[in-house]
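Derivation of every value follows stated rules applied to the coordinates shown; laboratory data play no part. Computed from a prediction, not measured in an experiment: that's the story for all the values here. Because the Cβ atoms are built from the backbone with ideal geometry, glycine has one as well, and the counts that use them run over all protein chains shown.
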Amino acid sequence: MARCNIASKIGWFVAGAGVGTVVALLLAPETGKQTRKLISKKAEEGKDYVASKGREFREQAEEFVDKGKELVTKQKERLAEVLEIGKEAARSTLSIV
């Protein structure tokens, strides 16, 4: 019983796809050659869009990396300053004792 139901669904799907294809071909406003050109043009536009977004993403990533490096450098400098201040405080404390 379940196989019949699945086969029926597959049959209706295939029939619907076939009807859709025929209707699309009958109602297409352009010839096949024009449609292929349009598809090619849209594919090229899509490729250019993806490439453009990829470049933007890479540039943003590079900016984030640069900012991260600057932040790490500043933190290292601050840590070195604080460490030096701590050493001087320890020396002055030991010299008083």
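Positive-end ranking of Ala89, Gln34, Tyr49 along the dipole of the chain, with charges on Cβ about the Cα centre, is headed by Gln34.
In a simple Cβ point-charge model (Lys, Arg +1; Asp, Glu -1; nothing else charged), the chain has a dipole of about 680 debye relative to its Cα centre.
If you model the chain as an ellipsoid using its alpha carbon gyration tensor, with each semi-axis the square root of five times an eigenvalue, the axes come out at 72, 25, 5 Å, biggest first. Computed from Cα atoms, the angle from the helix 2-27 axis to the main principal axis of the chain rounds to 80 degrees. For the chain, lysine pairs separated by 8 or more sequence positions, or belonging to different chains, with Cα-Cα distances below 26 Å total 12. With a simple spin-label model that places each label point 7 Å from the Cα along the Cα-to-Cβ direction, the separation between Glu45 and Glu30 comes to 1.0 nm.
Which of rounded, prolate, oblate describes region 1-57, given a ≥ b ≥ c as roots of the alpha-carbon gyration tensor eigenvalues and a/c under 1.5 marking rounded, otherwise prolate only if a/b is larger than b/c? Since a/c reaches 1.5 but b/c is at least a/b, the shape of region 1-57 is classed as oblate.
In a DSSP loop and with at most 13 other Cβ atoms within 10 Å, the GluC sites (Glu not before Pro) in region 1-92 are Glu30.
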